[in-house]
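Student: My structure is below; once you've seen it, I'll send some questions.
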Amino acid sequence: MILPYFLLYIAFGLFPILFSLGVSFTSWDGIGDVIFIGLANYKRVFTQDKFFYKSLWNTIILLVISTPIQIILGLLMATFLKDFFKRTRNGLQLINFLPYITTPVAVGIIFQLMFDWKSGIINALLNLFGVESIYWLGNAWPSRIVVILMIVWKNYGYMMIMFLSGLSSIPDELYEAARIDGAKWWGCFTKITIPLLRPIFVFVITTSVINGFKLFDEPQLLFSSASQPIGGPDRAVMTVVMRFYEASFRSFEFGYGSALAYCLFLVIAGASLVLFRLVGGRKEK
């Protein structure tokens, strides 16, 4: 009965993984002969490819800034919906979750229109307050800010749902006992809610870091023109996955692209292990 699943997994899961691992030790353009070159691709990643380190640094910047914002925003939204918007919680929950299930292409078009230098609504609002228009998609740090806003807007609803599921498991008796003892809302939030949501924090932080290192859709949709270098102005928002995409599907270096993918896998595995040890590895006394 489970044989069809295993056949599909082997065909579309296990085989591509093992095939790309083998390709990473070769020089292959996808058409011509496959030439075995050993560890040359991996040596090139760490010693010759300056764009790999730049893409890794860009990915870390976007990850470090966007992850805390979306987690904090998701937690606060979940808490407010639970404590102050009980009657309208379902409708507000749906509204906040919609960006997460919105098609990435639509999100990219919306942000391109909003942050357009000449006709974007953001610059129009800045002009109303006497601030000059900012070339959001043409400069390095403004481009990063737009990508960060896009990531946060799209993902905080998912964080909210995760925290709402955790909040629903906390007994109301704990909050009632705390209020009887004179605790205010902030005291209940810091002394009861946050400690009891620790498993949720471990989960959302770990998955956010993994997804952050795999970031591709948001910057690619904003800077998808074939006439400009991948990654936007000065490659300021080029992530590791975008570097993999450039090597594999623009330069047709499938062997080197596979090596980049496995280097990214090692980075994600190492970061996840360290993060899990720091955030979720300590046991309560």
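The values are calculated or read from the model by the stated rules, or taken from the named source; none is laboratory data. Since we're looking at a predicted model, the values are computed, not measured. Quick reminder, even Gly has a Cβ in these numbers, built from the backbone with ideal geometry, and neighbours come from all protein chains shown. Surface accessibility is based on the protein's heavy atoms, side chains included, excluding ligands, DNA and RNA. Shrake-Rupley method; radii C 1.70, N 1.55, O 1.52, S 1.80 Å.
Student: Looking at (1) part of a helix (DSSP H, G or I); (2) surrounded by fewer than 16 Cβ atoms within 10 Å (Cβ to Cβ); (3) aromatic (Phe, Trp, Tyr), find the lone condition where residue 85 falls short.
Tutor: (1)
Student: For residue 209, all conditions in the list (1) more than 16 Å from the chain's Cα centre (by Cα); (2) surrounded by 15 or more Cβ atoms within 10 Å (Cβ to Cβ); (3) among the hydrophobic types (A, V, I, L, M, F, W, C) hold save one; what is the number of the exception?
Tutor: Looking at each condition in turn, residue 209 falls short on (1).
Student: Mind checking which residues of the stretch 5-21 are open to solvent by 70 Å² or more (accessible area, probe 1.4 Å), farther than 13 Å from residue 262 by Cα and under 28 Å from the mean Cα position of the chain (by Cα)?
Tutor: Selection gives 8, 9, 10, 12, 15.
Student: Which ones in the stretch 173-194 are open to solvent by 90 Å² or more (accessible area, probe 1.4 Å), over 15 Å from residue 80 (Cα atoms) and part of a helix (DSSP H, G or I)?
Tutor: The answer is 173, 176, 179, 180, 191.
Student: Out of curiosity, is residue 110 among the β-branched types (Val, Ile, Thr), surrounded by fewer than 16 Cβ atoms within 10 Å (Cβ to Cβ) and modelled with pLDDT under 90?
Tutor: yes
Student: When you go through (1) hydrophobic (A, V, I, L, M, F, W, C); (2) closer than 30 Å to residue 248 by Cα; (3) outside any loop (DSSP other than H, G, I, E, B) one by one for residue 200, which number turns out not to apply?
Tutor: The single condition residue 200 does not satisfy is (2).
Student: What residue, of 145, 161, 151, 134, is in a helix (DSSP H, G or I), surrounded by 14 or more Cβ atoms within 10 Å (Cβ to Cβ) and without any contact (Cβ under 8 Å) to a residue 24 or more places away in the chain?
Tutor: Only one candidate passes the filter, namely 145.
Student: Of everything in the stretch 35-82, what is outside any helix (DSSP H, G or I), in contact (Cβ under 8 Å) with a residue 12 or more places away in the chain and open to solvent by 20 Å² or more (accessible area, probe 1.4 Å)? Give them in sequence order.
Tutor: 37, 39
Student: If residue 24 meets every condition in (1) in contact (Cβ under 8 Å) with a residue 12 or more places away in the chain; (2) on the phi < 0 side of the Ramachandran plot; (3) over 26 Å from the mean Cα position of the chain (by Cα) apart from one, which number is that one?
Tutor: (3)
Student: Under the condition of being assigned to a helix (DSSP H, G or I) and aliphatic (A, V, I, L, M), which residue from the stretch 212-224 is least open to solvent (accessible area, probe 1.4 Å)?
Tutor: Out of the qualifying residues, it is 222.
Student: Within the stretch 88-107, restricting attention to residues that are without any contact (Cβ under 8 Å) to a residue 40 or more places away in the chain and farther than 14 Å from residue 160 by Cβ, which residue is least open to solvent (accessible area, probe 1.4 Å)?
Tutor: Filtering first and then ranking leaves 106.
Student: Checking residue 27 against (1) of a type in the set (S, T, N, Q); (2) in contact with a Pro (Cβ under 9 Å, 6 or more places away or on another chain); (3) open to solvent by 50 Å² or more (accessible area, probe 1.4 Å), which single condition isn't satisfied?
Tutor: So residue 27 meets the others, but not (2).
Student: Can you name the residue in the stretch 33-82 that is of a type in the set (D, E, K, R) and touching a helix residue (DSSP H, G or I) at 6+ places or on another chain (Cβ under 7 Å) and is also modelled with the lowest pLDDT among such residues?
Tutor: 82
Student: List every residue pair whose Cβ atoms sit under 6 Å apart, with the two residues 6 or more apart in sequence or on different chains, where the first one lies in the stretch 182-203 and is within 19 Å of residue 277 (Cβ to Cβ) and the second, anywhere, is hydroxyl-bearing (Ser, Thr, Tyr) and surrounded by fewer than 16 Cβ atoms within 10 Å (Cβ to Cβ).
Tutor: Cβ pairs passing all conditions: none.
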